[in-house]
Amino acid sequence: MNVHFQLIWRTAIIAALITISHALHAQQLKAPLEQAGYYRIQVGDYEVTALSDGTVPIHLHELLTNVSDKEIDSLSALSFQTATAEASVNAYLIRTGGKLVLIDAGTAELYGPTLGHLPESLQKIGVSPEQIDAILITHIHTDHTGGLMLGDKMMFPNATIYISRPETDFWLSETSRKHAPERLQKWFKEAADKVGPYMAAGKVKNFEYGQELLPGITPLATPGHTPGHTFYSLESKGERMLFVGDIIHAAAVQLPSPSVTITFDVDPGAAAAQRIKAFKDAAAKGYWVAADHVSFPGVGHLRAQGNGFIWIPVNYSTLGNGQ
Ligand SMILES: [Zn+2]
């Protein structure tokens, strides 16, 4: 066998091994089951549609903090789950004042084939990304802002992107990136990739907390998970739905034990305090809560129980009121 032939032969074997390894990997990460991907509910005059970006396995032993593995296991078991949970990634579309307003934007290509399905969920309800007028971002983490861009293409070219000033100041600042710990570095890079182009195009706007931003919608400051984490409160005709972003990631654990935090929390202590305050308020007042990582559609009510809370999912309704 001459040297040239040996080289070709070796290259062919390596190429075959790479193909086999890709095929095995693809098998493990096969496409998700086809589910409806949307769920609609009326809040006063406004129509809210929960939209699924998909789901992703999360490993609670690795992600959750301020809790033992044993406690994670026992709390998960109470919900008939394990420490490998399947987390939803939800976004919400509000029709308000003739506008189409999206709350958070999904993940696009960043987290594999089980996520990135927000555009298909929109398509199922007959809405194209070009029709979206405004996007309200709860915070700049790429399971909420990844879907703003697909590669170098703006997914929502006609939308104004609303983000709180503390959030843009933190994630798009070179100074804060330099001072941030290693565990947060990936989020800075992804913030530049996914929000940066909209900033450069002058499409990102900040807002005043506590003042109506769009008809019926008011942003509320809830720093902790990130410095500019924001709730959006939708109110109409005495009804209210609070969009709470990442106030909760692992429902089976953080509802009964809301002091449990997650490695992504920029300020874990403040994140836990915000969660407890928000859950107490929602349980006391009885308004709707819409949470990006609670099992799709992520819409329900909270009730206090012992030192924690229980989640009552929206009643399936074809009449639109969920009662
Ligand atoms: Zn998130």
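Computed from the coordinates by the stated procedures, all read-outs in this text should not be read as laboratory data. Because the structure is a prediction, the values reported are computed rather than measured. Note: ideal-geometry Cβ built from the backbone for every residue, glycine included; neighbour counts use all protein chains shown.
With the helix formula -39500 (n - 2.57) applied to DSSP H stretches of n ≥ 4, the chain reaches a computed 222 nm mean residue ellipticity of -9000 deg cm²/dmol. Residues within the reach of a label modelled at residue 61 (point 7 angstrom out along Cα to beta-carbon, backbone nitrogen below 15 Å), restricted to the stretch 173-197: there are none. Cross-link pairs exceeding 23 Å between alpha carbons, from the set 70/186; 99/124; 203/277: 70/186; 203/277. Between residue 208 and residue 86, full extension at 0.36 nm per residue minus the direct alpha carbon distance yields a gain of 40.4 nm. At an R0 of 25 angstrom, the distance between the Cβ atoms of residue 78 and residue 124 translates into a FRET efficiency of 0.15. Size descriptor for the stretch 131-233, Kirkwood hydrodynamic radius: 13.9 Å (Cα pairs only, one decimal). Give me the Debye-computed log₁₀ of I(q)/I(0) at q = 0.06, 0.14 Å⁻¹ for the stretch 38-313, equal point scatterers on Cα only, no solvent, two decimals. Result of the Debye calculation: -0.16, -0.97. With both labels modelled 7 Å from their Cα along Cα-to-Cβ, the residue 45 to residue 304 distance reads 3.4 nm. Karplus-derived 3J(HN,Hα) values for the stretch 215-228, using 6.51 cos²θ - 1.76 cosθ + 1.60 with θ = phi - 60°, are x, x, 10, 10, x, 10, 6, 9, x, x, 4, 9, x, x Hz; glycine and proline are entered as x.
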